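The values are calculated or read from the model by the stated rules, or taken from the named source; none is laboratory data. None of these values were measured; they are calculated from a predicted model. A quick note on method: Cβ atoms are made from the backbone with ideal geometry, for glycine too, and the neighbour counts reach across all protein chains shown.
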Amino acid sequence: MSRKTKHQGQSPDLSEEQVAAYLAAHPEFFTHHPSLLENLTLSHECGPAVSLIERQVAQLRQKNLNLRHQLNNLIQVARENDALLSKLHILILSLLQADSLTDVVAAVEDTLRTHFLAEWVTLKIFAGGPDLPLSGIFAAPYHVELFQTVLEEGSPYIGPPTPSQVEFLFPSEDEIRSCALIPLRQPALTGILAIGSRDLERFTPNLGKVILARLGEVIGMRLNGLIHLSQVSE
């Protein structure tokens with residue numbers, strides 16, 4: 001046999017990529033060659049070599065465990081959402097029973113503290129208001145500048161408040177480290193609902209804003225209706 005013929009008879013070297021591509025394109029390969037699996041082992045960084053089947057079983061178990069964790073997380077989120085919706089329902093019922101601005105403010109503060117475990121609650125309407133016992137909720141329009149971004153975006157802000165915001169919303173408290181600022185935008189009013197906490201981690205950006213936005217919509221609509229009625233009756 002000539003040197004040329006011998007060279008031509010040698011099998012070409014295959015790269016790992018070529019072997020992997022072939023096996024991916026022919027998943028039935030090991031079905032047709034089961035004997036290869038008997039001696040096939042895979043090294044593992046955490047222990048001795050294991051068979052391919054053992055590795056596959058281990059991977060399937062890990063995937064199953066991950067799926068269980070994901071399912072448990074989804075169930076937990078669903079339960080928390082159900083609880084929040086129940087609390088929102090309680091607030092809605094309280095607002096429907098409120099016949100005055102005083103009743104609305106009392107219902108909001110009581111529900112948020114009792115059912116949402118809020119430490120501090122402040123509601124402000126940026127407009128001149130009548131001389132009422134709760135006239136403290138009315139603030140001069142220029143204070144809107146403190147919450148311009150929140151009101152323009154129309155979405156709740158979650159995180160640490162600025163010193164100016166704390167001084168305006170919670171003048172007697174200096175322990176506010178995180179808060180939720182919920183815009184109240186309705187035809188007859190512009191306002192802000194603030195929920196404060198001494199816990200820096202209570203209100204963080206990863207907290208869902210959907211329920212907070214719903215709170216703002218419901219409270220804003222009820223306040224708007226009462227203010228509109230008071231203006232019509234004058």
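Structure summary
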| read-out | value |
| --- | --- |
| Selection within the stretch 95-131 - farther than 24 Å from LEU151 by Cα, part of a helix (DSSP H, G or I) and more than 26 Å from the chain's Cα centre (by Cα) | LEU96, GLN97, ASP103 |
| Hey, GLU167 assigned to a loop (DSSP other than H, G, I, E, B), charged (D, E, K, R) and more than 26 Å from ILE92 (Cβ to Cβ) or not | no |
| Residue within the stretch 189-196 that is under 21 Å from GLU217 (Cα atoms), in contact with an Asp or Glu (Cβ under 6 Å, 6 or more places away or on another chain), touching a residue at least 60 places away in the same chain (Cβ under 8 Å) and hydrophobic (A, V, I, L, M, F, W, C) present | no |
| Options GLU38, GLU54: the member that is modelled with pLDDT under 65 and part of a helix (DSSP H, G or I) | GLU38 |
| Inter-residue pairs, beta-carbon under 9 Å, first under 17 Å from PHE168 (Cα atoms) and modelled with pLDDT of 90 or more and in the stretch 119-131, second among the basic types (Lys, Arg) and not in a strand (DSSP E or B), 6+ apart | GLU119/ARG113; GLU119/ARG198; GLU119/ARG202; TRP120/ARG113; TRP120/ARG198; VAL121/ARG113 |
| Whichever residue in the stretch 91-123 is over 25 Å from PHE203 (Cα atoms) and among the acidic types (Asp, Glu) and, among such residues, is surrounded by the most Cβ atoms within 10 Å (Cβ to Cβ) | ASP103 |
| Condition met for LEU67 (surrounded by 10 or more Cβ atoms within 10 Å (Cβ to Cβ), at pLDDT below 80 and of a type in the set (A, V, I, L, M, F, W, C)) | no |
| Filter pass, VAL150 being within 29 Å of VAL77 (Cβ to Cβ), loosely packed, with under 15 Cβ neighbours inside 10 Å, among the aliphatic types (A, V, I, L, M) and under 18 Å from the mean Cα position of the chain (by Cα) | no |
| Subset of the stretch 1-35 [exposed (fewer than 10 other Cβ atoms within 10 Å of the Cβ), at pLDDT 70 or above and of a type in the set (Ser, Thr, Tyr)] | SER15, THR31, SER35 |
| Some residue of the stretch 146-159 being in a helix (DSSP H, G or I), among the aliphatic types (A, V, I, L, M) and farther than 23 Å from LEU117 by Cβ | yes |
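Here is a yes/no grid of residues against (1) under 22 Å from ILE90 (Cβ atoms); (2) of a type in the set (Gly, Ala, Ser); (3) exposed (fewer than 13 other Cβ atoms within 10 Å of the Cβ):
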residue	(1), (2), (3)
SER155	no, yes, no
LEU189	no, no, no
PHE203	yes, no, no
GLY208	yes, yes, no
VAL218	yes, no, no
HIS228	no, no, no
